[in-house]
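Report on the structure given below.
Any read-out appearing in this document is the output of simple, stated calculations on the displayed coordinates, not a laboratory observation. Only a predicted model underlies this, so the values are computations on that prediction, with no experimental measurement involved. Neighbour counts run over all protein chains shown; Cβ positions are idealised from the backbone, glycine included.
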């Protein structure tokens, strides 16, 4: 029987970047699929894929006073929408939604699903913050029917700390990567050449690329300092993304004397072409769940240099890429130098990565959501 599904996230970018294929799939099954996020109602790329879009007043800042009002808003939405399942993503939205719907679950049989895109409590985190976030996750687990984790380290943590509460814990291999879209064979003619012209790449030059929001945890400063150590004429670095630390990184680039070789690209719609033009993707982040940009590079057969953290290590272990410690600028530079000088090793890493990324294919992840939702909606056995 067709169901009614609400997909909730803190901001619309998560819906647009990750969750639209799920809306399309379940609508094709005859379901009603609505969305809730800040900024969603003004985003045509979101609105066109959902039956209804709710504009949320919550904020990414946990202590923002608007978030308490948003809890009441989500409660009224759930009543009006008569949803069978509310599936929430991202930390602020997940806690508020589960809190807001805790009584409605008991009265109506509503099922609440939470996908953790990387718990904020993790082995590399500050011990005090870890305790705070673990306490919040355990508290919210009491209001959760299904917890989805997207890497095995989070799966182990959830089992050890009981973060699914009395609900069921599901492991799923990420949120899905469209292997057809991220394929060199799918590139428009001339797309790579256009990137090379834009960045002024020479025929015998090289390009390192990072795709990440500019925030402190993404460690752009480490990447710039490592690039300084390997830089020579003809080698370029491109930084795709936006965020609060961008201007500070522009300043650091100038201080390092790299203005002619470092390119700040902003938001891009030609990520496959950027990856195909690159010698390697570099992702020096301090914390991830399962980084999408790394999976995109793996699908494109672009070698990857990453850090030995949750999610990234899972993707690149066993020779599928280079792994260095967080904050190890010299180690990052050594990996970049090796990527520049050893073409056979680049090809080997890329080939291993392309085989591995097939585990994370979008159709497989959607099928796992089919199974999970059907299980949640199945009437309990009479007993």
Residue with peak Gaussian network fluctuation, the chain [Cα springs, cutoff 10 Å], from 104, 340, 207 | 104
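Could you work out the helix-only [θ] at 222 nm for the chain, with each DSSP H run of four or more residues adding -39,500 (n - 2.57) and the total divided by the number of residues, to the nearest 500 deg cm²/dmol?
Numbers: 16 runs with 164 residues, N = 383.
It comes out at -12500 deg cm²/dmol, rounded to the nearest 500.
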For the stretch 307-383 and the stretch 53-116, distance of Cα centres in Å = 30
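Based only on other Cβ atoms within 10 Å, what is the fewest-to-most ordering of 52, 98, 160?
Result, fewest neighbours first: 160, 52, 98.
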Would you please classify the overall shape of the stretch 184-359 from the alpha carbon gyration tensor, given that a ≥ b ≥ c denote the square roots of the eigenvalues, rounded means a/c under 1.5, and beyond that prolate means a/b larger than b/c while oblate covers the rest?
-> rounded
Using Cα pairs under 8 angstrom and six or more residues apart, how large is the relative contact order of the stretch 184-359, in percent?
-> 23
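Could the peptides 184-193, 31-40 be put in order, highest first, of the mean number of other beta-carbon atoms found within 10 Å of their residues? The partial results should precede the final answer.
Values: 184-193: 12.6, 31-40: 22.7.
Descending mean neighbour count gives 31-40, 184-193.
Expressed as a rounded percentage, what relative contact order does the chain have, with Cα pairs under 8 Å and six or more residues apart? Intermediate results must be reported in sequence, preceding the final value.
Working: 694 pairs, mean separation 48.0, N = 383.
It rounds to 13 percent for the chain.
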Residue of 271, 357, 113 that the Gaussian network model of the chain assigns the largest fluctuation, springs spanning Cα pairs under 10 Å = 271
Where in the stretch 47-90 does the label zone of residue 245 land, with the point 7 angstrom along Cα→C-beta and an amide N cut-off under 11 Å?
-> none
Roughly how many nanometres apart are two label points built 7 Å out from the Cα toward the Cβ at residue 378 and residue 337?
-> 5.7
Within the set 154, 145, 334, GNM on the chain using Cα springs under 10 Å gives the largest fluctuation to 334
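Any idea what diffusion coefficient the stretch 296-362 gets from Stokes-Einstein, in µm²/s, Kirkwood Rh on alpha carbon pairs, 37 °C, 0.692 mPa s?
Numbers: Rh = 12.0 Å.
D = 275 µm²/s.
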When 298, 246 are ranked with the fewest other C-beta atoms within 10 Å first, the list becomes 246, 298
Which shape class applies to the stretch 1-77: rounded if a/c is under 1.5, otherwise prolate when a/b exceeds b/c and oblate if not, where a ≥ b ≥ c are the square roots of the Cα gyration tensor eigenvalues?
-> prolate
How would you rank 129, 102, 166, 228, going from fewest to most other Cβ atoms within 10 Å of each one's own Cβ?
-> 166, 129, 102, 228
